[in-house]
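Written out below as structure tokens is the structure these notes cover.
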Amino acid sequence: MSTFYKWHKRISIFSIIFFLMFCITGLLLLFRNELNAWSLGQPSHSTSTMTMSPYSSSIFDAADAGAALVKQQYPSKDILNISPTMNRSNLLRYRIIDSSATSAPPARMGMGGEYTLYNPNSNTLVESHRVTPAHPWVRSALHTIHELHTRLALGKFGIYLVTILSMICFLSILSGIFLYGPFSSAYKRSTQTSNRLQISALHREFSMIASVWGIVLSLTGVWIGGFFIANDYYTKNVASIATQELANHTSEILSPSEAIQRILSTYPNRQLISMDYPSKFNNYHYAFYLGSQNDEDPAMFLGQPVYANLYTDSTLDQYVTKEIPWYFTGMKTMINLHIHNHNSMALKILWAIWDIIVIIGMVLGIILTIMKRYHIPMKTTSIKSTLSPTHIWRVPTISSVLIACGLIIPMWPNSMTETIGAICLLIPLILFIYSLYQHYTRIRETL
């Protein structure tokens, strides 16, 4: 057991600063939509999921009208991409760039770069994204926080580091679970108590009650990192194959509706997520991103890339792609479990509370380590050993099952599942507070 404890201590000391940073940045990112709305000076913000609604597919019917209006409004710019707007599937997003530009900013599908939004219902361009923020520092801070949380602000290399660190955090939690039983039993049988022993007990209880929470988030963090690493390799592999097979020809630029009709007739039972125009930045090839038909999985926004040369004579069309690897399905589930299962404000607040409980557990662990490292003297008090060591797993076990349900059930978002999920997260919180009160009431009675 002493060897196991030493390994837990070493792993925790190495990972705790990073784990603490992940929890704090994650806590702030929970309310990213609300903070973004506040930065724009908006009094309220309705939370919505990043889903691909059935309307998103039909909205491409308005692509021609939107493209014509964009070219009329911005005659000196070229269109690089057309895609539905995330969270606002009634709008089309046109990524644009100066015709004289020699390089394009980092962007993928509809994300990144300069853009304008088109509303088919009113046949107008929406410029709400150009509104001067009331608090511009908020958006800048949120961007930095997101970079730290997802890649330690180290670019692509940071994704590898975050993946490894998430695994180390997972191992730290797992080793702590194995130590909880023996240490808790010993503490309950003890005839003495002290500040350090009580801090140690609090560290165990706070960490154990949220252990499933920490395991799910750290383990899904590993899978998410693995997903983006694998997806990056996959998309580069498809792009490399396309470069070789399409290198001898360039595509004609068709109307958006004609290009979309071609890709959907070639790949039936699929839905279009995004379309890149042929340009000097992609060697004058089309790039389409396809998802499964009627698939509302938010992670499908990554899409299956299909590169194409299209011509007025459709018999000359060329297509290059590679099927999405089978294991991406499980990885996307992990993304949704980590990100897309807390859409209501009630769930966000409960997530924040459980995140704070994890943070408190880590801070208590840091305090305990400092007290042991610098041999801070402690006053020992004798107590009567009347605390039963039995049932030490009862509250953690019940709480773990409920927390797991609270994380999984809202993955299928509607008012009922979100309510059930919130109840599942609230009950163990009440149990935990009551168990702490009961524990320290008994401690006072035995002094």
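Tabulated data for the structure shown
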| read-out | value |
| --- | --- |
| Cys with no candidate disulfide partner in the chain (beta-carbon separation under 4.7 Å rule) | Cys23, Cys169 |
| Distance from segment 187-221 to segment 238-266 (C-alpha centre basis), Å | 57 Å |
| Charge sum, other residues only, whose C-beta stays under 15 Å from Ile370's C-beta, Lys/Arg counted +1 and Asp/Glu -1 | +4 |
| Where Rh is the Kirkwood radius over Cα pairs, Rg/Rh for segment 209-301 | 1.12 |
| Sum of -39500 (n - 2.57) over DSSP H runs of 4+, divided by residues of the chain (222 nm, nearest 500) | -19500 deg cm²/dmol |
| Length-normalised contact order of segment 105-251 in % [C-alpha pairs under 8 Å, at least 6 apart] | 20 percent |
| Set Lys236/Lys332; Lys9/Lys332; Lys6/Lys372; Lys9/Lys188; Lys6/Lys188 screened for pairs whose C-alpha atoms are more than 24 Å apart | Lys9/Lys332 |
| Å² of accessible area per residue within the chain, as computed with a 1.4 Å probe and no ligands counted | 50 Å² |
| Nearby lysines by direct alpha-carbon distance to Lys280 (threshold 17 angstrom, same-chain neighbours under 8 apart not counted) | Lys77 |
| Apportionment of accessible area to carbon and sulfur, the chain, percent (1.4 Å) | 63 percent |
| Förster radius 22 Å - calculated FRET efficiency between Ala134 and Met21, Cβ distance, rounded to 0.05 | 0.20 |
| Segment 125-209 shape via C-alpha gyration tensor axes, a/c threshold 1.5 | prolate |
| Choice from Ser184, Ser400, Ser265 showing the highest fluctuation, given a GNM over the chain with Cα pairs closer than 10 Å | Ser265 |
| Loop sites in segment 141-200: chymotrypsin sites (Phe, Trp or Tyr not before Pro), DSSP, at most 16 other Cβ within 10 Å | none |
| Gaussian network model of the chain, Cα within-10 Å springs - most flexible of Ser12, Ser314, Ser185 | Ser314 |
| Cα gyration tensor shape for segment 310-418, rounded if a/c is under 1.5, else prolate or oblate | prolate |
| Two-decimal Rg to Rh for segment 140-259 - Kirkwood Rh, Cα set | 1.30 |
| Top of Ala242, Ala259, Ala134 by mean-square fluctuation, Gaussian network on the chain, Cα under 10 Å | Ala134 |
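The values are calculated or read from the model by the stated rules, or taken from the named source; none is laboratory data. The shown structure was predicted, so the numbers you read here are calculated from the model rather than taken from an experiment. For neighbour counting, all protein chains shown are included, and Cβ atoms are generated from backbone atoms with ideal geometry for every residue, glycine included. Quick note on the areas: whole protein, heavy atoms, side chains included, nothing else; ligands and nucleic acids left out. Shrake-Rupley method; radii C 1.70, N 1.55, O 1.52, S 1.80 Å.
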